[in-house]
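Chemist: Pasting a structure below so you can have a look.
The values are calculated or read from the model by the stated rules, or taken from the named source; none is laboratory data. Since this is a predicted model, take the numbers as computed values, not measurements. So basically every Cβ, Gly included, is an ideal-geometry build from the backbone, and we count neighbours across all protein chains shown.
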Amino acid sequence: MSPKKQQAGSAYFIARETEVPRTHVLSVLVNNEPGVLARVIGLFSGRGYNIESLTVSETSHEKHLSRITIVSSGTAHVLEQIKKLLERAVPVHRVVDLTLVADEKGYDKPLERELALVKVAGRGENRVEAMRLADAFRAQVIDASIDHFTFEITGRISKIEQFIAIMEPLGLVEVCRTGVAAMNRGAEGM
């Protein structure tokens, strides 16, 4: 007898073993009303899935619509199930897996950007080096004193991660990130 494979806590781990979990970016258009975000997020947490990034903002004040951008990892089967559950939620107007749309169009990824505020404390050589590197990354100084800088940096997730890693030995104090904002490439909208 072969040893049994340990199943994870989620019912969605019944997917074929050949499927490899992948990061997906979902865009969800919802009514802008109290409790909608909690209901949408509950679909993920109730099934044992982690949300790696979450951004929410009103996109149409007149129509009272908001857009939720969710980054999560899972197999295509799992994300399809979550997408179907989201589509059945009453205040949800549309759900698009931007990662799958990018694949269909022959792109590596959808357009993704993130904003981060990065505070670095330091004097002397570290201060000069932090300014030099910030310039190379096109980070803007938005606050400064004689012993610290706060930088604003926008770009791909990999760029933000690299900037933070480089600032670590120079006196990184604090990081605040917005999460991913994403949309399809091309002329058509969501």
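Chemist: Do you know which of the residues in the stretch 132-167 that are farther than 9 Å from Val118 by Cβ and of a type in the set (Val, Ile, Thr) is nearest to the chain's Cα centre (by Cα)?
Modeler: First, pick out the residues of the stretch 132-167 that are farther than 9 Å from Val118 by Cβ: 132-133, 135-138, 140-148, 154-159, 161-162, 165-166.
Now restrict to residues that are of a type in the set (Val, Ile, Thr): 141-142, 146, 154, 157, 166.
Working: Val141: 24, Ile142: 23, Ile146: 34, Thr154: 13, Ile157: 8, Ile166: 21 Å.
Of everything passing the filter in the stretch 132-167, Ile157 is nearest to the chain's Cα centre (by Cα).
Chemist: Another question, then. Examine the stretch 69-84 for a residue that is more than 28 Å from Phe137 (Cβ to Cβ), of a type in the set (Ser, Thr, Tyr), touching a residue at least 60 places away in the same chain (Cβ under 8 Å) and surrounded by 16 or more Cβ atoms within 10 Å (Cβ to Cβ), and state whether such a residue exists.
Modeler: Scanning the stretch 69-84 turns up at least one residue that is more than 28 Å from Phe137 (Cβ to Cβ), of a type in the set (Ser, Thr, Tyr), touching a residue at least 60 places away in the same chain (Cβ under 8 Å) and surrounded by 16 or more Cβ atoms within 10 Å (Cβ to Cβ).
Chemist: Something else: Tell me, yes or no, whether the stretch 149-170 has at least one residue that is surrounded by 14 or more Cβ atoms within 10 Å (Cβ to Cβ), touching a residue at least 60 places away in the same chain (Cβ under 8 Å) and touching a helix residue (DSSP H, G or I) at 6+ places or on another chain (Cβ under 8 Å).
Modeler: Taking every residue of the stretch 149-170 in turn, none turns out to be surrounded by 14 or more Cβ atoms within 10 Å (Cβ to Cβ), touching a residue at least 60 places away in the same chain (Cβ under 8 Å) and touching a helix residue (DSSP H, G or I) at 6+ places or on another chain (Cβ under 8 Å).
Chemist: Ok, one more. Go through the stretch 86-190 and tell me which helices (runs of 4 or more DSSP H), entirely inside it, have 1 or more residues that are within 30 Å of Val30 (Cα to Cα). Outline the logic, then answer.
Modeler: Numbers: elements: 98-104, 125-136, 157-171.
In the stretch 86-190, the matching helices (runs of 4 or more DSSP H) lie at 98-104, 157-171.
Chemist: Could you tell me which residue of the stretch 76-124 is modelled with the lowest pLDDT, considering only residues that are in contact with a helix residue (DSSP H, G or I) (Cβ under 8 Å, 6 or more places away or on another chain) and under 30 Å from Ile146 (Cα atoms)?
Modeler: Gly122
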